[in-house]
1. Taking the condition of being surrounded by 24 or more Cβ atoms within 10 Å (Cβ to Cβ) and under 17 Å from G336 (Cα atoms), how many residues in segment 200-221 meet it?
2. With the condition kept exactly as written, say whether any residue in segment 255-262 is part of a helix (DSSP H, G or I) and among the charged types (D, E, K, R).
3. Write out, first by first residue and then by second, each pair whose Cβ atoms fall under 9 Å of each other, whose residues are 6+ apart or on separate chains, and whose first residue, in segment 200-211, is at positive phi while the second is outside any helix (DSSP H, G or I) and polar (S, T, N, Q).
4. Output the qualifying pairs, or none if there are none: Cβ atoms under 8 angstrom, residues six or more apart or on different chains, first residue in segment 310-338 and under 19 Å from T132 (Cα atoms) and of a type in the set (V, I, T), second residue outside any loop (DSSP other than H, G, I, E, B) and at pLDDT 80 or above.
5. Any idea how many residues of segment 173-186 are farther than 11 Å from L143 by Cα and not in a strand (DSSP E or B)?
6. Considering segment 5-42 alone, what residues qualify as being surrounded by 12 or more Cβ atoms within 10 Å (Cβ to Cβ), of a type in the set (D, E, K, R) and either over 15 Å from P316 (Cα atoms) or under 24 Å from the mean Cα position of the chain (by Cα) (or both)?
7. Which is modelled with pLDDT of 95 or more, within 13 Å of A342 (Cα to Cα) and not aromatic (F, W, Y), of T286, T300?
8. Six or more apart or on different chains, Cβ under 6 Å: which pairs go from a residue in segment 441-453 that's within 19 Å of Y314 (Cβ to Cβ) to one that's assigned to a loop (DSSP other than H, G, I, E, B)? Could you list them?
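The values are calculated or read from the model by the stated rules, or taken from the named source; none is laboratory data. Everything numeric in this text was worked out from a predicted model, so none of it was measured. Methodologically, a virtual Cβ is constructed for each residue, glycine included, from the backbone with ideal geometry; neighbour enumeration extends over all protein chains shown.
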Amino acid sequence: MRKKIFLNESDIPTHWYNIVADMPNKPLPPLNPKTRQPAGPDDLSPIFPMGLIEQEVSTERYIEIPDEVRDIYRIWRPSPLYRATGLEKMLDTPAKIYYKYEGVSPSGSHKPNTAVPQAYYNKVEGIKSITTETGAGQWGTALAFACSQFDMSCEVYMVRISYDQKPYRKVMMNTFGADVYPSPSNRTEAGRKILEKDPDTSGSLGIAISEAIERAVMDEQTKYALGSVLNHVLLHQTIIGQETIKQMEYAGDYPDIVVAPLGGGSNFAGISFPFMRNNLTGDANTRFVAVEPASCPKLTKGRFMYDHGDSAGYTPLLPMYTLGHNFTPAAIHAGGLRYHGASVLCSQLLKDNLIEAVALQQLECFEAGVTFAKAEGIIAAPEATHAVAQVIREANRAKEEGTEKTILFNLCGHGFVDMQAYDDYFAGKLSDHEISDDLLEESMSEITDLQPE
């Protein structure tokens, strides 16, 4: 039995996989928030370079990866696939558990898979600087690294609670050359309005996105980059699943269940979409389970509606499962999952019952993270522990049923700069969170007037 399966650099995929080509129901278009009409390239060009806009609306099944991007990918790709033999033994389960480990990248997560191509397409169009937001700091770190590869400047707005919780993430971004600001800040109109209303706010990804976009549109040589949610971001992450398919072939196995955390959707899409193609073509019948925090349950408690991707309403209206763009989640340590909406693609797939969603409490997730660390020797990021917790549930169910299931999950990043989270867990400072029906109703009522007629 092989513990880990490696690929050669020559096995790095040459194309990204675009699931839109195979979806039975194509996603609804983004809308211009002023006209409520489908947004065109002119609506997106102040924010994104045309190369990424073309990918955003593409229906081609495969899109070629530029050589310059693949060359940088070689720093950490292909990433290893592990058989979780230690966890299987600890759980005494008949299930076979595999995990794709994305913690080997420069930022310690899957995020550089899209940061590098986003920086590349901006560079070839003459852009000098990129602004962005970040929650836990993994995306900001990835974009800071990517910009350093193309000699571009990077400005990051980091959600205030994560800025305070994870100081070493800020140092990592600074080391790669980025300027980092806590969000909301006094540098933007959007930030100042939020601070005036609530000076002690913990911030949110929606607010940080508003600040980053506002900064980008003020300068013709600056564009904005998003680390999740959008079609082209999910597209870039499919390199994960494509590698994993080949590794599973070497293992002589195929997953019955694929699990990944979902904040905006890029992590889940990256591991799932290439396998999902086999479901869509009738060649497999795998379950795909997206795991979100109970404190930010857009998939399990949100509604499928048009909504902004940011708090100030700068972005186009996107058809997605959402809690409302003004929703501020509890200050959990899994900052990358504290986002009010799910990607258009993941939302449509859930609406069509092609994927499943579960919401887990953070105490169960940290308990699972500790179990995994003892069994496999890797301390998972708080976001990744959500996948681990669901995998443990699935493995225990297989044991109860006496069935041999093959479970695959994406260990999207390590927690080596998130140790404050584990310290708080051991100190008993963490608690579970539920959003009330009243809070949800209030948040959703604010977006009813955004729906097209």
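1. 9
2. No: segment 255-262 contains no residue that is part of a helix (DSSP H, G or I) and among the charged types (D, E, K, R).
3. Pairs that qualify, where the first residue is at positive phi and the partner is outside any helix (DSSP H, G or I) and polar (S, T, N, Q), are G203/S183; G203/T328.
4. Pairs found: T315/I209; T315/I213; T315/H308.
5. Looking only at that region, the number is 5.
6. Residues satisfying the conditions are D11, D22.
7. Of the residues listed, the single one that is modelled with pLDDT of 95 or more, within 13 Å of A342 (Cα to Cα) and not aromatic (F, W, Y) is T300.
8. Sorted first by the residue in segment 441-453, then by its partner, the pairs are S443/L323; S443/G324; S443/F327; E446/G324; E446/N326; I447/G324; P452/R36.
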